[in-house]
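The values are calculated or read from the model by the stated rules, or taken from the named source; none is laboratory data. Predicted, not measured: the structure shown is a model, and the values here were computed from it. No Cβ is skipped: glycine too gets one built from the backbone with ideal geometry, and neighbour counts run over all protein chains shown. In case anyone asks, the SASA skips ligands and DNA or RNA and just uses the protein heavy atoms, side chains included. Shrake-Rupley method; radii C 1.70, N 1.55, O 1.52, S 1.80 Å.
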Amino acid sequence: YKYKEGLSKTRKSFSEKINDLVARYRKVDEDFFEDLEEVLIAADVGVSTVMDLIDELKMEVKRRNISDSQEVKSVISEKLVDIYYGEDEEDAAVGLNMQENDLTVILFVGVNGVGKTTTIGKLAHQLKSEGKKVMLTAGDTFRAGAIEQLSEWGKRVDVEVIKHSEGSDPAAVIYDGIRAAKSRQADVLLCDTAGRLQNKVNLMNELSKVKRVIEREIPNAPHEVLLVLDATTGQNALSQAKTFSEATNVSGIVLTKLDGTAKGGIVLAIRNELGIPVKLVGLGEKVTDLQNFDPQAFVYGLFA
Ligand code: GDP
């Protein structure tokens with residue numbers, strides 16, 4: 001239901017175009033595939049992903065001996081789900097890597113404005129409503145107002161925020177966050193970080209220092225490094241993902257503002273081109289508008 005609502009812009013343009021295509025072509029031929037290619041590229045599925053998808057579709061259509069364009073619609077949705085999973089289904093596993101009876105540390109990375117703070121607030125709310133004790137750490141000590149903004153979210157969803165003053169060392173704040181989370185026996189610690197991308201070397205140094213501090217306190221942590229990307233920025237999101245995965249080990253993507261774009265196909269491009277699973281999606285501005293990413297529900301949302 002959330003997917004259906006949140007994807008309404010993408011669905012509108014995507015399924016209208018697909019229906020139009022199916023109506024125009026009664027038979028599935030080379031021209032049909034060419035036009036389909038255009039529809040998929042327009043939805044930001046990404047050129048190389050589209051090529052893979054079209055190849056798969058052609059093979060499947062041949063294998064099943066499908067000639068009717070109406071029939072090919074269901075094959076398209078099947079293949080969209082398949083392309084998300086790729087060859088390594090395990091690796092595409094949805095859901096966050098949560099520790100059973102221990103503190104789970106999740107590090108959030110991403111450039112300013114993508115929805116990082118909002119996502120942390122939403123996730124804190126979601127985990128809290130599952131009965132978990134959640135704490136936040138204001139590791140973005142660089143951007144003016146970032147600490148205040150996270151504190152506001154802390155108040156709003158009623159979770160404690162560990163913070164230092166602006167300009168202080170992010171690794172030191174996160175160290176304090178871990179110490180506090182351990183002593184309060186929290187279940188989850190969500191850590192914000194600065195989102196400057198201007199200098200990759202700085203970014204890399206800052207993130208690796210933060211990770212070192214976390215690892216020293218808790219082996220195997222951080223349990224997730226989530227890169228937050230804004231779906232409305234399309235292919236730009238893809239290039240941000242490339243930069244961040246060069247700077248640090250990104251374990252999952254949070255794709256925000258899917259409700260604000262007609263180009264939701266970017267989910268598939270990210271997964272297919274970078275091999276990083278999309279773990280969470282933002283489908284609106286409300287605190288409850290963060291959802292675990294579910295490829296089936298997503299594709300269903302595109303066609304429903
Ligand atoms: P940050 O700079 O990365 O921390 O970004 P913010 O969390 O401040 O978010 C920037 C803007 O994006 C805010 O106005 C949010 O309400 C908005 N936003 C975040 N996630 C979503 C989403 O999933 N859908 C929509 N429509 N807006 C979102």
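Worth pointing out:
- Residues of the chain: accessible area per residue with a 1.4 Å probe, Å²: 45
- Charge dipole of segment 29-163 about the Cα centre (unit charges at C-beta), most positive-ward option of Val50, Gly115, Ala144: Ala144
- Under 5 Å between amide hydrogens, built in the peptide plane, is the criterion, and for Ile162 it picks out Leu136, Thr137, Ala138 among residues at least 5 positions away or on other chains.
- Local electrostatic count, Thr10, Cβ distance below 15 Å [Lys/Arg +1, Asp/Glu -1]: +3
- Local net charge near Glu38, Cβ-Cβ under 12 Å (Lys/Arg +1, Asp/Glu -1): -4
- Total formal charge among the other residues, if their Cβ is under 13 angstrom from that of Asp187, Lys/Arg +1 and Asp/Glu -1: +1
- Phi-based couplings in Hz for segment 58-71 (Karplus 6.51, -1.76, 1.60; Gly and Pro marked x): 4, 5, 5, 4, 5, 4, 8, 6, 8, 10, 7, 5, 4, 5
- In order along segment 107-123, the phi-based Karplus estimate (6.51 cos²θ - 1.76 cosθ + 1.60, θ = phi - 60°) of 3J(HN,Hα) comes to 9, 9, 10, x, 6, 4, x, 6, x, 5, 4, 4, 4, 4, x, 5, 5 Hz; Gly and Pro are listed as x.
- Ranking Arg271, Arg143, Arg212 by solvent-accessible area of protein heavy atoms (1.4 Å probe, all protein chains present), from largest to smallest, gives Arg212, Arg143, Arg271.
- Segment 95-160 and segment 1-80 have their alpha-carbon centroids 37 Å apart.
- Rounded to the nearest 5, the antiparallel percentage of DSSP beta bridges internal to the chain is 15%.
- Charge-dipole axis of the chain as Lys and Arg at +1 and Asp and Glu at -1 on Cβ define it, positive-most pick from Val28, Ser67, Met135: Met135
- Ellipticity at 222 nm from helices only: DSSP H runs of n ≥ 4 in the chain, each -39500 (n - 2.57), divided by the residue count, give -16500 deg cm²/dmol.
- Each residue of segment 206-212 was assigned a 3J(HN,Hα) from its phi angle through the Karplus curve 6.51 cos²θ - 1.76 cosθ + 1.60 (θ = phi - 60°); the sequence is 5, 5, 6, 5, 4, 5, 4 Hz, with glycine and proline shown as x.
- Size of electric dipole in the chain: Cβ of Lys, Arg +1 and of Asp, Glu -1, about Cα centre, debye, nearest 20: 900
- For the chain, the fraction of 1.4 Å probe accessible surface lying on carbon and sulfur atoms is 45 percent.
- Computed log₁₀ I(q)/I(0) - Debye formula, equal Cα scatterers, no solvent, segment 38-165, q 0.10, 0.19 Å⁻¹: -0.56, -1.02
- For Lys58, the solvent-accessible surface with a 1.4 Å probe is about 70 Å², rounded to the nearest 10.
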